[in-house]
1. Order of 73-79, 16-22, 92-98, 177-183 by packing, highest average Cβ count within 10 Å first?
2. Charges only on Cβ, +1 for Lys and Arg, -1 for Asp and Glu: so what's the dipole of region 158-265 about the Cα centre, in debye to the nearest 20?
3. Largest first, how would ILE66, ILE231 line up by accessible area (1.4 Å probe)?
4. To the nearest 20 debye, what charge dipole does region 1-136 have about its Cα centre, counting +1 at the Cβ of each Lys and Arg and -1 at the Cβ of each Asp and Glu?
5. Would you please give the FRET efficiency between LYS245 and LEU216, computed as 1/(1 + (r/R0)^6) with r the Cβ-Cβ distance and R0 = 30 Å, to the nearest 0.05?
6. Can you give the Kirkwood hydrodynamic radius of region 74-130 from its Cα pairs, in Å with one decimal?
7. Local charge sum around GLN40 (other residues, Cβ-Cβ under 15 Å, Lys/Arg +1, Asp/Glu -1)?
8. Relative to the longest principal Cα axis of the chain, at what angle does helix 70-81 sit, 0 to 90 degrees, rounded to 10?
Amino acid sequence: MKATVFLGGGRITSALLAGLRLAKYGQPIVVHDRHSRKLQQLKREYGIVVEPDLHRAVESARLLIIAVRPDSVRDLLKEIGRRHIRRRLTAVSLAAGIPLSTLGAALAPPVRWVRAMPSPVCRSGRGLTALTFGRGLSITARAEVRDLFALVGSVLEIPESRFDAFTVTYSSSHGYHALAALIEAAEALGLDRKSAHLAAAHALADGVAAWRAGNLPLDELLQEAATPGGIAATVMASLDNAGYKKIVARGLRAGLRQARKNAQL
Ligand SMILES: NC(=O)c1ccc[n+]([C@@H]2O[C@H](COP(=O)([O-])OP(=O)(O)OC[C@H]3O[C@@H](n4cnc5c(N)ncnc54)[C@H](OP(=O)(O)O)[C@@H]3O)[C@@H](O)[C@H]2O)c1
């Protein structure tokens, strides 16, 4: 029986393995990484099979997941390509910014490519994964990829032209970053650490939960939470005057530039 094989046993692989274990994923999983310490740890934590030999790992794959950093992708694919792959194989790249054209040029048919963008939130089974499919994938192969990521959260299919914009917008780091900034600001006002965490986490999570409940559109929720002339309205106006929206937009543009740099790697 062929396995789902992860090349790269780092952060996102660990999160996906945790989510898949939670979902009681039934297929065999093999992980390859150049650090045996990481492999042993993943084996201990998730009971996966480790394969220190790259080519043996690829040979054992039904689904091949590329989970190395973007600057490692080219060398990895070059090494894989030294032994010609002669069977149909679905390869899923998690590498931010690297286009299907580059992936397909490095490993051509019968390898068929998919790009996937999960987040480490898939650890809890409540993540979201964006997918974009390359040419030549059968309906069955597409369904297999969708089904895999559906085990760890929602799945969204988007065209590749929007994939990088989605990637920079969607990172769960935005939530953690905003949370950290709000906690730090609250502590600077004299709030104790525990209360600062509680207040900031509720402010962000409850706001998103209320919007998700779908009863009111976002602009109405904003109005409801901010009495004119009140404290929340004053805070928002002050943030906006200080360039809050521009700063967020600048951050996303920087992320998009990095994605384009990754494409050149
Ligand atoms: N982390 C996230 O939240 C996230 C979310 C979505 C997508 N992604 C994408 O997923 C990919 C992996 O990210 P990550 O954060 O998991 O990276 P990571 O923690 O650095 O893990 C990558 C692992 O792969 C190893 N590796 C690199 N080249 C290798 C090779 N040729 N042979 C064997 N092992 C090799 C690395 O070793 P070295 O450290 O020695 O290089 C490292 O152990 C990236 O392309 C990223 O864009 C990440």
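The values are calculated or read from the model by the stated rules, or taken from the named source; none is laboratory data. Bear in mind the structure is a predicted one, so any value in this text is a computation, not a measurement. Neighbour counts are summed over all protein chains in view; Cβ atoms, including those assigned to glycine, are modelled from backbone coordinates with ideal geometry. Ligands, DNA and RNA are excluded from the accessible area calculation, which covers all protein heavy atoms including side chains. Shrake-Rupley method; radii C 1.70, N 1.55, O 1.52, S 1.80 Å.
1. Numbers: 73-79: 16.7, 16-22: 21.3, 92-98: 23.7, 177-183: 14.4.
The peptides rank, most packed first, as 92-98, 16-22, 73-79, 177-183.
2. Values: 11 positive and 10 negative charges, 124 e Å.
Using only the charged Cβ atoms, the result is roughly 600 debye.
3. On the way: ILE66 0, ILE231 145 Å².
Solvent-accessible surface, decreasing: ILE231, ILE66.
4. On the way: 24 positive and 8 negative charges, 47 e Å.
Using Cβ point charges on Lys, Arg, Asp and Glu, region 1-136 gives about 220 debye.
5. On the way: r = 21 Å, r/R0 = 0.71.
Efficiency, from the Cβ-Cβ distance: 0.90.
6. 12.5
7. Values: positive: ARG34, ARG37, LYS38, LYS43, ARG44; negative: ASP33, GLU45, GLU51.
Counting the neighbours of GLN40, the net charge comes to +2.
8. Here the helix axis deviates by roughly 10 degrees.
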